[in-house]
Each structure stands twice: as C-alpha cells, then as structure tokens.
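One structure is given here, and the rest of the page talks about it.
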Amino acid sequence: MKKPLTLLLLVTALSHGKAQTYQKTDLGLQTVANGNNLEIQFYTPGVVRIIKYPVGAKFYKNSFCVIQHPEKTGFSITQTGNGLVLQSKSLKVALDLKTGNIQYYTIANKPLLSEKGAQFTPVMDSAKSTYAISQDFKLADNEAIYGLGQHQKGIMNYRNKTVVLRNLNMDIAVPFFQTSNGYGVFWDNYSTTTFKDEAGTTTLQSVIGEGIDYYFMNGGNADGVVAAMRKLTGDAPMFPRWVFGFFQSRERYRSETEIVGIVKKYRALNVPLDGIVQDWQYWGTNDTVWNAVAFGNPLYAHPKQMIDSIHQLNAHIIISVWPSFGPATSVLKAMKNINALFNFKTWPTTKGVQVYDPFNPLARDVYWDFMNRNIFSLGMDGWWLDATEPEQANAKQIDKAETYLGSFKSVGNAFPLVTTGGVYEHQRKTSWDKRVFILTRSAFAGQQRNASATWSGDIQGNYQSFRNQISGGLNLSLSAIPYWNTDIGGFFSATKYRRGVKDLAFQELYTRWLEFATFTPLMRSHGTSTPREIFQFGAKGYWAYDAQEKFINLRYRLLPYNYSNAWQITANQSTMMRALVMDFPKDEKAYDINNEYMFGKAILVAPVTDSLYVSRATGTAVSDFSSIKTQAVYLPKGSKWIDFWTGDTYTGGNNIDVKAPIDQIPLFVKAGSIIPMGPFEQYTSEKKADKLEIRIYPGANGNFTLYEDENDNYNYENGLYSTIDFKWNNQTKMLMIGGRKGTFPDMLKDRVFNLILVNKANGTGSAEGKPIKIIHYSGLQVQTKL
C-alpha cells in the first residue's frame, strides 16, 4: 500500500537548541527521529499504522494482508517541547521526536502500550541489502497476551513466553497479538518472526524487513480488537449451511464405491451427516502422478456419477488438492512453462515432485484452471487444500527459493494466504450459486476473507494433544481467524492405540474428542491408521456409539444457533469459539484457563480431556461405568450459570465439580441467553425450520438474532436474508419477538416457536421439556409473558 505523499504542513519543533521538523499529512505525520524515517497514519479513529525505516533507505510495500483503505479521520496534533500528541476521537498517540518512541493512550489518558526502541540490523537477502528488524514494547505488568496464531503447547496466555512464528504443519503463524487491556498489534511482516515477552519487554523480531510496519488498534475489548483486525484484513464470508453439519473423513477412502457406501451407511443408520471427504490418490497411486488435480485412479472411473450419487443422498463432498505435483502430471508441466515451480524438497519425497509458486498470479490461474476443468465442473462442493505451509523438509533450503515476489525467506509465511486467495477469487468469478468452502492446514493474517477454515494439522491422538488443541484454537480465533477444527481423535492414533477403533481406550478418547468437536466451528472426523465412522465403534446400544450419536444429533439441533452465529461473524466481525477473556475481561482467574471456552456468547464448554472410564492398569484396556466421575469446572464471575443438562443454577466466580458421564461433558449456559434449537434431522436441509424451540435461560436480560437465508449462494450479499430479534426482560419475564426483517426466495411465511423457560424441571439438553407457550408467527411483533 502506497504511503501518503500529500503534505499539509511543515512544523518545526525546538528542543535543546536543535530544530526538529515533522510534516503533517492527510493521515498523520512524517518525521525523522533517532536516525529513522517515521510515519504515523490513522486508518480509523482507533487504528494507527506505524512505519519506520533507516534514513537513506527506501520503503514501499503492497500488503498481502491489509486491504482496508484509510478512512478520513479527524485528528489534532499538539506539541509540548520534544513531544507530540496526535489525537483522534478514540485514541491518543504520543511521539517523542528525539527517540522516535511512541506511546498509546485512551481518550481518558489510560496508558495502553509503549514502545521501547527499534532495531535495524543490515543483512543480505538474495544478494540484496536489507534488514533484520525488531521493535520492543512495554506492557502493563498485569496484562495477559493472546493470539499469535495456533501453537501446540497448551499455552493460553503468552505472557513471559517466546514463540517462533513460522508456518509449519501444526504451527500456524499469525504475527498479531492482543491483550486483556483491549488493544492489539498486527506486525505486517511475512518472514519468520519471533515473539518474546520477558523481563518487562515484549519484542517482535523478523529475519527480513525493509522497514518496521505495524498497526496498533484500540478495540476497547477483545471483540473490538478482532473487529478492527477483520476490517483491516477482510471480513469472513458465509459458508454454506451444510458446512455446520457433521463431516466424515478418513485417510483415505480408496474407491468411489467405498465413499458413496459410507454415506449410504450413515443414511441407513439415521445418523446425521452432511460432508464426506476424499483424501489423496484419487489421481493414482504412483507418486509420479502425485496431485494431478484430476481423477486418474481407475477405482474412480466415474467421478461425476460418484458426486451425483452423494448429492442424491443429500450430502456434500470436498476433495484434497495439494500445492505440489508429480513429474508426470500435466499441471506440473503447465507450471514449468511459466517458471512457477520451486526446487526445494517437499512431500512426497519422490524425485521430481515440486511445489508451485502461488505468489505468481499466472500460477494461481493455472492452479484454478486444472481444479475447475477436472473437478469443480463435475459438481465438487469444496476444497481440502492440504500442506499449505507448504510441506518442507529443510528450512534453509526453502528459504533460498525465489518466489515471484522475492525470496521465500522474506514472504514465505504468507504462502497459505495467497494460495487460498487464488482459489477463493477464481471460484467467486466462476460461480455465484455455490459458496466457497476451503479446509486448509495453515493460515496467515487475513485468511478469513478467503472462505477458509483451518484445521490444526497432523496431530497425535492422545489426551495431552487433545487438551492442547483447545488453547490453540482459541488463540487462532483471537488472531481474528474464526473458523477452526481438528481431526477428531487425532490424526495419528497408532502411536498409542495400535488396535485403533478396537481399543477401548481409543474409543473413550475419540468419543470425548467428538463431544468437544460438537462445540467447535466445524465438526469433522478424520485420521489415519484406523477407521472412525460411528459404526466402526459398535452398534446402537453400545456406549461409544450411543454417546457419539447423541452429540452428532445435538450438533444438528444447534444449527439455528450456529448458523446465526456464523452470520454475526460475517456481518459484525464476531467470534464463535471464544476464549473466556472475550466475555469476562475483568475476571483475572479466567486469563490462563486453557480447557474452557464460550461457544457463541451463550454456552460455556468444558471438554473432558482425561480418561475417566477406561483403565490400562492390568495392561489390557478395561472399562468401568459403575460410578459417574466428575470434572472440575470454573464458572467465570459476573454471571449466573445454568447447567445445560439439569437446569440447575450456579453463581459465577466459583469452581465446582460437575458430573461427567461418558455421554455428557460439562456445559453451562450464561443467564439471559436465548438459544434456538432445530429439529432432529439427518442433514441440514432435511426439514423446514417452521417449528423451532426457543430456550430462554432466566436470571438476566438477554437477546438473540435469528438469521436465515437460502443456505447457499451469495444472494445474501445483495440483502436477500431475514433476521428476527428475540429480547428477554428478566424482571417482567416478558419475551419480545421482533418483526421479521428482510426477505429471500422461498422464505417461510408462517412458523411455530415453542418457548421453553429453562428450569430444573425442563433443563435437559435434549430439550424434552414441555413448552410453556406456542406462538404462531407470521412476521408481526409478538410479546408474551412466560
């Protein structure tokens, strides 16, 4: 993005007898301080961009991440001696003209963040002189730090921690952090970056950078910070509604007959399913044709018929596509013709397999051309873009590679952003009627705008790995990337559970993981070594089968809640999987909790991440369900909490022991919440939403907006959708159902809302309680006392 050149005013400040000048610009100011050029630019009243680079050097950048243009922002500049203060309506930025250090304050003069110094170290990159860069900051002693992408060490709060930000399998690098004080910093750099917080100094250090370029955003709270980051880097579009159902996957289905048969089996069992996933080798089993981006395996001789059969079963299919290609593929030859291939070692290690250069716009065109002609045109519903780091055997080797836009060392972390962006932009141009859905293994700042859902990588199947997923997903959400999921049961299960699905211990782990996944943005079963379909665990009546079926059904009953929350992500930059600090920023006990979170703004989830019912004490796995075990749960202060299963009410700010039978995990609903629940159904479009259950959890005032549209296509972008507002007045016990706003084709004209005021008599999460009142709704405002 070009830096502003319009100079409005040249000002001279006298300090210690020396004249120091700054130039006021349309967006802020430019000056020289401590040997560096420095620019301050207001993007909004609460977002400021800072640029620094040595005098005599050049700095120019078109950001991969930032797509927002600066808004016209009113601000003033006042001077006191050697200090300047730039003030907008929501932020004060204080600059020391001598040191070049900046301090940020609220309008009420509350200190937010202070700089402590910047460093530029000359280095060579691809025979070009440039810099290694770093910026030191000073945070308040009691602040907690979140974000930085997804990492696998179970850390929720990064205070006093060091994290290397480089995109690798299972590690997602996002050079962005926010704190419990309601502000965030986005470090706009694409090289390997180290975050370090120790001894009162917080540092961001990148191995390559022509200059320091970062954005400070004062959001007031975590939601405000996420909103600012999304506005900077792009909003997340809506996924099709079926994506919020249940996905079944495996490494791998080996024929078109097998994959269609899996869907048929789910339908025969009446277990809900919306997505089936085709993993690798549909192109052929020889790695010379690796990722041909075409069906070449004779066991997939009729791909369109396969896809049509899945659609006729009211399911959807996504397919694996990699960024590397075998030497005998047409796509590799096409990439070679435009000089868009890297030479570093990747996976598979077969000689001649090469990764393409997505930084080259022509390469993105070629990539989509093969995807479209050979796969999308057959009716494919979505993409599984695997290994988007990309897969790399040697970091030093890959850093020496040259991309279309410079060395891989300087831009490599942005690889997943540009490769998913190429697919998203091309599909948007190709089809209006089918929303883009991309499942991908890595991410970077801004990737939410590419209709991408990130999964956590090829993780181990064990309880420690399971627990570590929670903080990883929460911190990715706090990095403004809202859609995340895991391989239920962990990708690698044989490391600990060699008998796989036949091992009672794995059955317990998988069941607990599936219960957790019910309350993640996407719910997807996948892994290697052992199959994971529900019928592999036993038949109806067996504990593992029954618990899994119960939670898959619960996922479908929550579809109105989840789809409405997805709309809040798109329309209002909200977050679905929410760290406790997002809703309880004043509760310091919640800052470090890494095994609880809010799902939407209503439901507190405490996954069971320990084995409670299966023991290997004798060397053989043995189950014991003779007594119900408990799990400790912390209920954040500032709210009353209602047990989702029992309807019992608890006061926040306390630890409690909660019963955790194998078919339940601790779930609590925040008082004042309104949760719409749909019917039991086998796929997301099986039944009309003309009869919805509206569950009101008393104890506080509350509201909820029910969102509905055509479930697919982009007509919602043109205003074709509807919303209905529900408002609960706890004092009067009155529920207001607002008039429906908006319209879309085939919208329901009349409907029934079954209202349930939750209490101990009807608190069951299966919603078997007796409705208090039935309302026939035809679009008019309705008020009723409960």
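The values are calculated or read from the model by the stated rules, or taken from the named source; none is laboratory data. Source: prediction; values computed, not measured. Here Cβ is always computed from backbone atoms with ideal geometry, including for glycine, and neighbour counts include all displayed protein chains. Please note that ligands, DNA and RNA were not included when accessible areas were found on the heavy atoms of the full protein model with its side chains. Shrake-Rupley method; radii C 1.70, N 1.55, O 1.52, S 1.80 Å.
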Worksheet item: Counting only Cα, what are the radius of gyration and maximum Cα-Cα distance Dmax of the stretch 528-618, in Å?
Response: 17.5, 55
Practice prompt. Compute the Kirkwood hydrodynamic radius of the chain, taking the inverse of the mean of 1/r over all pairs of distinct Cα atoms, and give it in Å to one decimal.
Written response: 27.7
Worksheet, complete the sentence: Surpassing 28 Å at the alpha-carbon level, of the pairs K61/K333; K429/K688; K550/K629, are K61/K333; K429/K688
Response to the item:
Largest-first ranking of R616, R512 by accessible area, probe 1.4 Å, whole protein assembly kept, is R616, R512
Worksheet, complete the sentence: Rounded to whole angstrom, the alpha-carbon centroid of the stretch 81-140 lies from that of the stretch 430-491 at a distance of 33
Discussion item. Please list, ordered by chain and number, the residues whose modelled amide H lies under 5 Å from the amide H of T285; skip anything fewer than 5 residues away on the same chain.
Written reply: none
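Can you give the local net charge around L232? Use residues other than it whose beta-carbon is closer than 14 angstrom to its beta-carbon, Lys and Arg +1, Asp and Glu -1. Numbers along the way, then the final one.
Working: positive: R49, R230, K231, R449; negative: E71, D188, D213, D235.
Overall, the nearby charge balance is 0.
Mind checking the per residue accessible area of the chain for me, 1.4 Å probe, whole number of Å²? Don't jump to the answer; show the numbers that get you there.
Values: 28440 Å² over 786 residues.
Dividing the accessible area of the chain by its residue count gives 36 Å².
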Discussion item. Largest first and in whole Å, what are the equivalent-ellipsoid semi-axes of the stretch 505-544 based on the Cα gyration tensor, each being the root of 5 times an eigenvalue?
Written reply: 17, 13, 10
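Take each complete run of DSSP H in the chain, measure how far its Cα atoms stretch along the helix's own axis, and keep only those covering 15 Å or more with mean Kyte-Doolittle hydropathy at least -0.5; list them. Present the calculation step by step, with values, prior to reporting the outcome.
Working: long enough: 222-233 (16 Å, 0.54); 256-269 (20 Å, 0.09); 361-374 (20 Å, -0.88); 415-430 (23 Å, -0.59); 463-477 (22 Å, -0.54); 504-517 (20 Å, 0.19); 543-557 (21 Å, -1.05); 559-572 (19 Å, -0.62).
Once both thresholds are applied, what remains is 222-233, 256-269, 504-517.
In what order, largest first, do E693, E425 sit by accessible area if the probe radius is 1.4 Å?
Working: E693 20, E425 100 Å².
Of E693, E425, the descending order of accessible area is E425, E693.
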Practice prompt. Return the whole-Å distance between the Cα centroid of the stretch 522-571 and the Cα centroid of the stretch 632-649.
Written response: 24
Practice prompt. Could you work out the local net charge near V243, counting Lys and Arg as +1, Asp and Glu as -1, over the other residues with Cβ closer than 11 Å to its Cβ?
Written response: 0
Worksheet item: Looking at the stretch 467-530, what % of the alpha carbon pairs are farther apart than 18 Å?
Response: 37
Fill in: Charge dipole magnitude, Cβ of K and R +1, D and E -1 - the chain, Cα centre, debye nearest 20
660
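So what is the calculated 222 nm ellipticity per residue for the chain, using -39500 (n - 2.57) for each DSSP H run with n of 4 or more, over all residues, to the nearest 500 deg cm²/dmol?
Numbers: 13 runs with 145 residues, N = 786.
That calculation yields -5500 deg cm²/dmol at 222 nm.
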Worksheet item: How much solvent-accessible surface does K760 expose, in Å² to the nearest 10, with a 1.4 Å probe and all protein chains in place?
Response: 150
Response to the item:
Sorted on mean Cβ neighbours within 10 Å (highest first), peptides 645-653, 563-571, 180-188 come out as 180-188, 563-571, 645-653
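Counting only other residues whose beta carbon sits under 12 Å from that of V669, what net charge do I get with K and R as +1, D and E as -1? Provide the component values of the computation, followed by the final result.
Details: positive: K601, K640, K670, R695; negative: D643, D648.
Around V669, the charge tally is +2.
Quantify, in whole percent, the carbon and sulfur part of the accessible surface of the chain (1.4 Å probe; protein heavy atoms only).
On the way: 14160 of 28440 Å².
Answer for the chain: carbon and sulfur cover 50 percent of the accessible area.
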Worksheet item: For the stretch 146-253, what are the per-bin percents of Cα-Cα distances with bins 5 Å wide, up to the bin holding the maximum?
Response: 2, 10, 17, 19, 20, 14, 8, 6, 4, 1, 0
Worksheet, complete the sentence: Normalised Cα Rg of the stretch 433-540, dividing by 2.2 N^0.38 Å with N its residue count, works out at 1.12
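Highest mean first, how do 149-160, 204-215 rank when packing is the count of other Cβ atoms within 10 Å averaged over residues?
204-215, 149-160
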Worksheet entry | Accessible area of R250 in the full protein assembly, 1.4 Å probe (Å², nearest 10) | 40
Practice prompt. Give me the distance between the Cα centres of the stretch 19-41 and the stretch 583-603, rounded to whole Å.
Written response: 41
Worksheet item: How big is the accessible area of I307 in square angstrom, nearest 10, if you roll a 1.4 angstrom probe over the protein chains?
Response: 0
Fill in: Gain on full stretching of the segment that runs from D26 to Q305 - 0.36 nm per residue minus C-alpha separation
94.5 nm
